[in-house]
Amino acid sequence: MRIVVAGGGSAGHMAASHMRHHFPEADLVHAYDPRLPAIGVGEGTTPVFTEWAEKVLGWDMAYLTEHCDATPKQGIIFEGWGKAADTYSHYFHATEGTACHLSAERLIRHLSAKSSARIVPEGILEIRSVPPTASVLLANGQTLHADFVLDARGFPQELAERDVPLACVTTGAAWLLRGPVRAPMDRTRAVARPYGWIFVIPLQHDTAYGYVHTPSDRSLAKTDFRAFLAGEDVKPQTTPRWLPFPNFRRRTFFDGVVLSLGNRASFVEPLEATALGLIVLQLRLATFWLLDQKLGLGQANGVAAMNETLASTIDEVASFVGWHYEMGSNYHTPFWARSATAYADWMQQRPETHSARFSAYKARGKAMPRHLAFVGSAAELNAPIASRDTFGGFLDLSFAKVGYGIGAF
Ligand SMILES: Cc1cc2nc3c(=O)[nH]c(=O)nc-3n(C[C@H](O)[C@H](O)[C@H](O)COP(=O)(O)OP(=O)(O)OC[C@H]3O[C@@H](n4cnc5c(N)ncnc54)[C@H](O)[C@@H]3O)c2cc1C
């Protein structure tokens with residue numbers, strides 16, 4: 001069996017390691033254009049990623065710290081969001097495991113050093129899928145034939161009919177830069193600002209800052225970013241880089257041979273740092289699919305089930321992320337008004353099953369104690385977990401934390 005991984009960002013490198021781990025005998029080829037840089041973000045994780053790193057790579061927290069500049073992440077502190085209090089916390093519960101912040105550049109560098117795939121350092125012109133096989137056409141004129149392709153070539157150039165826009169949020173760009181090491185080291189900060197919000201991701205040797213905003217507010221956000229950094233006495237170590245991004249998902253992700261992965265498949269702004277965890281979900285589904293084929297089970301509705309699982313999970317992530325904007329913020333600006341409206345419109349357009357599930361999780365969250373949203377550390381979260389079921393990966397406990405945190409309950 002030949003598996004081709006296309007794309008050399010975090011998703012592509014994670015895919016190559018994952019496939020080697022589960023299919024050691026496969027003819028594994030990793031094709032990417034080394035002249036095209038990876039996106040350079042994706043530095044906040046959820047426990048799904050760290051659990052995957054330990055199981056598949058054998059990398060524990062100590063290893064991630066040493067090699068990927070990682071710091072343990074208890075959760076996210078929201079500053080200035082909603083109308084309940086100045087800050088609220090969304091810490092992971094002990095049963096969810098631990099997460100980390102890590103350097104995207106080092107993760108890729110370290111994964112590529114460990115890769116046992118055959119590397120093809122070439123541009124890819126096209127991936128042609130004719131199930132049950134596919135052809136990857138390379139810029140050097142060669143063609144790679146494959147039984148399975150993981151397409152991790154990053155964001156599409158522009159959205160098209162194959163994509164569904166996720167209008168749950170109005171953001172679509174970020175100003176990015178790096179600063180010196182800053183406390184707190186054990187949590188991501190998400191700071192509300194007049195034109196969006198700023199993430200502060202603490203690593204061992206530096207701090208990643210990003211001002212997430214609506215693209216049309218590009219210069220206003222840049223000026224406000226400077227004011228924020230000056231107010232916190234942060235001396236930037238890099239010049240600000242502007243990165244536009246789409247909020248979208250594919251209509252279908254998989255056709256039985258080619259699976260879209262990572263930013264190629266979907267993205268919802270980085271507020272809850274869900275993207276690397278979604279890559280893990282996609283890789284797990286790919287593994288089940290391939291094992292199913294190998295064992296000759298070949299479930300008739302396997303492709304449809306995979307597409308449905310991914311679409312519904314990503315839509316659930318989108319609703320959960322959009323919900324954070326429902327009650328506005330400390331700033332009564334057009335950005336926050338637009339964002340609350342976008343969330344309300346998005347929710348109105350959800351199918352009945354989605355809305356019913358969302359309401360059920362909210363109701364369960366509301367039944368939990370209010371103080372869960374305002375604890376000072378993950379250790380103080382001792383609420384029992386009644387159910388391990390999740391909505392887009394979020395426990396009902398997360399609904400308690402966000403619902404009380406923004407003042408929706
Ligand atoms: C502002 C922002 C903040 C984010 N923060 C987080 C976060 O905190 N946590 C999180 O989980 N996620 C975050 N993400 C998402 C994050 O970017 C992805 O999870 C992660 O980087 C995976 O990216 P990727 O590998 O899919 O794409 P990329 O990093 O873009 O990699 C694509 C690769 O494909 C290759 N390639 C592309 N085209 C071709 C071609 N034609 N031929 C050959 N090779 C090609 C290139 O080598 C390129 O490196 C964030 C995203 C944004 C925009």
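Between His332 and Ile385, what is 0.36 nm times their sequence separation minus the Cα-Cα distance? Round to one decimal in nm.
Full extension from His332 to Ile385 adds 15.5 nm.
Report, in debye and to the nearest 20, how large the dipole of the chain comes out about its Cα centre when Lys and Arg carry +1 and Asp and Glu carry -1 on their Cβ.
Dipole magnitude for the chain comes out near 320 debye.
Between Pro184, Val169, Pro194, whose Cα lies farthest towards the positive end of the dipole of region 90-237 when Lys and Arg beta carbons carry +1 and Asp and Glu beta carbons carry -1, centred on the Cα centre?
Farthest along the dipole direction, towards plus: Pro184.
Can you bin every Cα-Cα distance in region 171-273 into 10 Å intervals starting at zero and give me the percent of pairs per bin, rounded to whole numbers?
14, 42, 27, 13, 4, 0
Report the convex hull volume per residue for region 90-166, counting only C-alpha atoms, in Å³.
Hull volume normalised by residue count: 216 Å³.
Could I have the simple spin-label model distance between Thr252 and Leu137, label points 7 Å from Cα toward Cβ, reported in nm to one decimal?
2.1
Can you work out the FRET efficiency for the pair Ser312 and Thr238, with r the C-beta to C-beta distance and R0 = 41 Å, to the nearest 0.05?
In this case the efficiency is close to 0.60.
Given 0.36 nm per residue, what is the gain on full extension from Asp86 to Ala344 after removing their alpha carbon distance, in nm?
90.6 nm
Which residues' amide hydrogens lie under 5 Å from the amide hydrogen of Ser329, considering only partners 5 or more residues apart or on another chain, with H built in the peptide plane?
Gly82
List nothing, just return the count: lysine pairs in the chain, 8 or more apart or interchain, with Cα separation under 20 Å.
Value for the chain: 9.
What percentages, rounded to whole numbers, describe P(r) for region 45-86 computed over all alpha carbon pairs with 10 Å bin width beginning at zero?
Taking every Cα pair in region 45-86, the percentages come to 26, 39, 17, 17, 2.
Any idea which of Ser387, His30, Gly8 is furthest toward the positive side of the dipole for the chain, if Lys and Arg beta-carbons carry +1 and Asp and Glu beta-carbons -1?
Highest projection toward the positive end goes to Gly8.
At q = 0.17 Å⁻¹, what base-10 log of I(q)/I(0) does the Debye formula yield for region 209-357 when every alpha carbon is treated as an equal point scatterer in vacuo?
Debye curve over Cα of region 209-357, log10 I(q)/I(0) at q = 0.17 Å⁻¹: -1.06.
Let me check I've understood the local charge: for Thr287, count other residues with C-beta under 13 angstrom from its C-beta, Lys and Arg +1, Asp and Glu -1. What total comes out? Don't skip to the end; give the middle numbers.
Working: positive: Arg20, Lys55, Arg284, Lys294; negative: Asp292.
The answer is +3.
How many Å³ per residue does the convex hull of the Cα positions in region 1-155 occupy?
Numbers: hull volume 22.9 nm³, N = 155.
Taking the convex hull of the Cα positions in region 1-155, it is 148 Å³ per residue.
If you scale each eigenvalue of the Cα gyration tensor by 5 and take the root, what three semi-axes come out for region 293-384, rounded to whole angstrom and sorted largest first?
The equivalent ellipsoid of region 293-384 has semi-axes of 33, 22, 13 Å.
Fewest to most neighbouring Cβ within 10 Å: what's the order for Phe253, Phe78?
Phe253, Phe78
Per Stokes-Einstein, at 10 °C and 1.306 mPa s, what whole-number D in µm² s⁻¹ belongs to region 83-213, with the Kirkwood radius over Cα pairs as the hydrodynamic radius?
82
Remind me, relative contact order of region 279-409 in percent, using alpha carbon pairs under 8 angstrom and six or more residues apart?
26
How about region 112-208: which GluC sites (Glu not before Pro) there are in a DSSP loop, with at most 10 other Cβ atoms within 10 Å of their Cβ?
Answer in residue order: Glu158, Glu161.
Report Rg (one decimal) and Dmax (nearest whole number) for the chain, counting Cα atoms only, units Å.
Over the chain's Cα set, Rg and Dmax evaluate to 20.8, 62 Å.
Which angle from 0 to 90°, rounded to the nearest 10, does the C-alpha axis of helix 396-406 make with the longest principal axis of the chain?
So the inclination is approximately 40 degrees.
Could you tell me the relative contact order of the chain? Use alpha-carbon pairs under 8 Å, at least six residues apart, and round to a whole percent.
20
Obtain the nm distance between the two label points defined at Lys55 and Thr353 by a simple spin-label model: each point lies 7 Å from its Cα along the Cα-to-C-beta direction.
Label at Lys55, label at Thr353, 2.5 nm between them.
Bear in mind that the values in this text are calculations on the coordinates, not laboratory data. The structure presented is a predicted model; accordingly, all values stated were derived computationally and were not measured. FYI the Cβ positions are ideal-geometry reconstructions off the backbone, even for glycines, and counts take in every protein chain you see.
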